[in-house]
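Peer 1: One structure, as structure tokens, below. Some questions next.
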Amino acid sequence: MEIKKANNLSCPLCGLLLQLSEKQHVCLNGHSFDIARQGYVNLLPVQQKRSKNPGDSKEMIVARTEFLNTGLYQPIAERFNELCHELTVGHKDESEGVCLVDAGCGEGYYLQSLLSHLERAGTEREVSFIGLDISKPAILAASKRSKKISWLVSSNKQLPVLPGTVDIIICMFGFPVYESFKESLKPGGKLILVDAGQDHLLELRNIIYPSVNMSDASDLAGAEKSGFDMYSDSRLTYAVNNVPNEQLMNLLHMTPHFFRASQEGKQAVSQLQSIDLTVDVVFRVLHASHPC
Ligand SMILES: C[S@@+](CC[C@H](N)C(=O)[O-])C[C@H]1O[C@@H](n2cnc3c(N)ncnc32)[C@H](O)[C@@H]1O
């Protein structure tokens with residue numbers, strides 16, 4: 001596989017193509033965006049920010065990196081890699097390049113794992129990888145995982161790519177914005193949604209909530225309205241035993257459960273030595289079909 005830097009980035013201020021000059025991305029209207037020392041680019045103008053520091057905090061990112069680096073979610077990455085491999089390598093003419101965008105990539109664990117997987121697979125295909133997140137601490141951490149990926153501070157609400165130029169958008173445990181995703185995808189492009197299933201971390205949720213909400217992954221009415229059809233649907237369920245307290249606390253900190261859990265619940269978790277957990281994850285691939 002030849003990894004190409006993304007050549008379809010668009011200016012967040014006027015939408016024109018961003019050209020790469022020495023240390024900047026610049027559009028024909030003269031809007032310029034510096035490449036930071038760590039290699040990422042901030043394409044989130046202040047007018048698109050709802051708060052000073054949007055997205056996950058530095059503490060959440062550190063907790064997520066420590067947790068993901070233990071490998072306890074590696075089976076999720078492996079399933080995800082197989083799915084992307086099939087969609088990337090299997091379905092099109094080898095001479096055509098592929099552009100993949102991880103929208104809400106966090107600290108980059110899954111995109112970096114995918115890149116390594118596709119490199120090992122040894123296809124001839126040219127692939128460009130874009131990882132974006134609204135959280136600057138997330139993108140700073142992601143920049144350390146790989147220099148081959150275009151890491152961007154940006155929002156799912158306005159993906160900074162030219163319309164109709166992306167083959168696959170990935171949204172893992174994230175916040176899909178279907179209209180913006182649809183506009184960015186090529187006709188027939190795919191959206192991979194990875195979400196918690198109803199039994200995900202059930203043992204932990206039983207401790208932190210007085211009553212547990214057993215709803216499954218979010219419904220797809222919004223996606224259908226924006227012109228997506230279901231392409232495939234699968235599930236991965238497995239057990240991880242004896243998760244030590246340190247990783248359990250990281251897990252709690254890296255998810256919205258931390259903000260929703262009761263004080264007593266968090267206290268009870270902090271006193272556990274270890275716990276057995278169920279991982280239950282739903283993988284849905286949507287196909288960008290008819291126009292919105
Ligand atoms: C639960 S985390 C998942 C991160 C990563 N996909 C993973 O699975 O490790 C959700 C991520 O979405 C990001 N986020 C929230 N709102 C966003 C938006 N409007 N655009 C892009 N990213 C967003 C957060 O900063 C956070 O990193």
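Peer 1: Counting only residues that are within 10 Å of the ligand (Cβ to nearest atom) and part of a helix (DSSP H, G or I), how many does region 50-75 have?
Peer 2: 6
Peer 1: Go through region 135-162 and give me each residue that's touching a residue at least 60 places away in the same chain (Cβ under 8 Å) and farther than 21 Å from residue 66 by Cα.
Peer 2: 148, 150, 152, 153, 154, 155, 157, 158, 160, 161, 162
Peer 1: Somewhere in region 197-215, is a residue within 19 Å of the chain's Cα centre (by Cα) and of a type in the set (A, V, I, L, M, F, W, C)?
Peer 2: Among the residues of region 197-215, not one is within 19 Å of the chain's Cα centre (by Cα) and of a type in the set (A, V, I, L, M, F, W, C), which makes the answer no.
Peer 1: Could you check, for region 15-27, whether at least one of its residues is more than 13 Å from the ligand (Cβ to nearest atom) and among the hydroxyl-bearing types (Ser, Thr, Tyr)?
Peer 2: So far as region 15-27 goes, yes, one or more of its residues are more than 13 Å from the ligand (Cβ to nearest atom) and among the hydroxyl-bearing types (Ser, Thr, Tyr).
Peer 1: Of the conditions (1) of a type in the set (D, E, K, R); (2) in contact with a Lys or Arg (Cβ under 9 Å, 6 or more places away or on another chain); (3) within 24 Å of residue 234 (Cβ to Cβ), residue 56 clears all except one; give me its number.
Peer 2: So the condition that residue 56 fails would be (3).
Peer 1: Turning to a different aspect of this structure: Pick from 47, 24: which is in contact with an Asp or Glu (Cβ under 7 Å, 6 or more places away or on another chain) and not hydroxyl-bearing (Ser, Thr, Tyr)?
Peer 2: Of the residues listed, the single one that is in contact with an Asp or Glu (Cβ under 7 Å, 6 or more places away or on another chain) and not hydroxyl-bearing (Ser, Thr, Tyr) is 24.
Peer 1: For the list (1) more than 21 Å from residue 65 (Cβ to Cβ); (2) assigned to a helix (DSSP H, G or I); (3) without any contact (Cβ under 8 Å) to a residue 40 or more places away in the chain, I need the number of the one condition that residue 95 fails.
Peer 2: (2)
Peer 1: Further, regarding this structure: Cβ-Cβ under 6 Å, sequence separation 6+ or interchain: first residue in region 165-181 and more than 8 Å from the ligand (Cβ to nearest atom), partner of a type in the set (Phe, Trp, Tyr). Which pairs?
Peer 2: Qualifying pairs under 6 Å: 169/181.
Peer 1: Next question, about the same structure. Check off (1) in contact with a helix residue (DSSP H, G or I) (Cβ under 8 Å, 6 or more places away or on another chain); (2) among the hydrophobic types (A, V, I, L, M, F, W, C); (3) under 19 Å from residue 57 (Cα atoms) for residue 279 and give me the number that stays unchecked.
Peer 2: Among (1) in contact with a helix residue (DSSP H, G or I) (Cβ under 8 Å, 6 or more places away or on another chain); (2) among the hydrophobic types (A, V, I, L, M, F, W, C); (3) under 19 Å from residue 57 (Cα atoms), the lone unmet condition for residue 279 is (3).
Peer 1: Based on this model, can you work out whether residue 217 counts as modelled with pLDDT under 90, within 16 Å of the ligand (Cβ to nearest atom) and either within 30 Å of residue 164 (Cα to Cα) or surrounded by 12 or more Cβ atoms within 10 Å (Cβ to Cβ) (or both)?
Peer 2: Values: modelled with pLDDT under 90: yes; within 16 Å of the ligand (Cβ to nearest atom): yes; either within 30 Å of residue 164 (Cα to Cα) or surrounded by 12 or more Cβ atoms within 10 Å (Cβ to Cβ) (or both): yes.
Against the criterion (modelled with pLDDT under 90, within 16 Å of the ligand (Cβ to nearest atom) and either within 30 Å of residue 164 (Cα to Cα) or surrounded by 12 or more Cβ atoms within 10 Å (Cβ to Cβ) (or both)), residue 217 qualifies.
The values are calculated or read from the model by the stated rules, or taken from the named source; none is laboratory data. Note that the coordinates shown come from a computational prediction; the quantities given were computed from them, not determined experimentally. In this analysis, Cβ positions are derived from the backbone assuming ideal geometry, glycine residues included, and neighbour counts consider all displayed protein chains.
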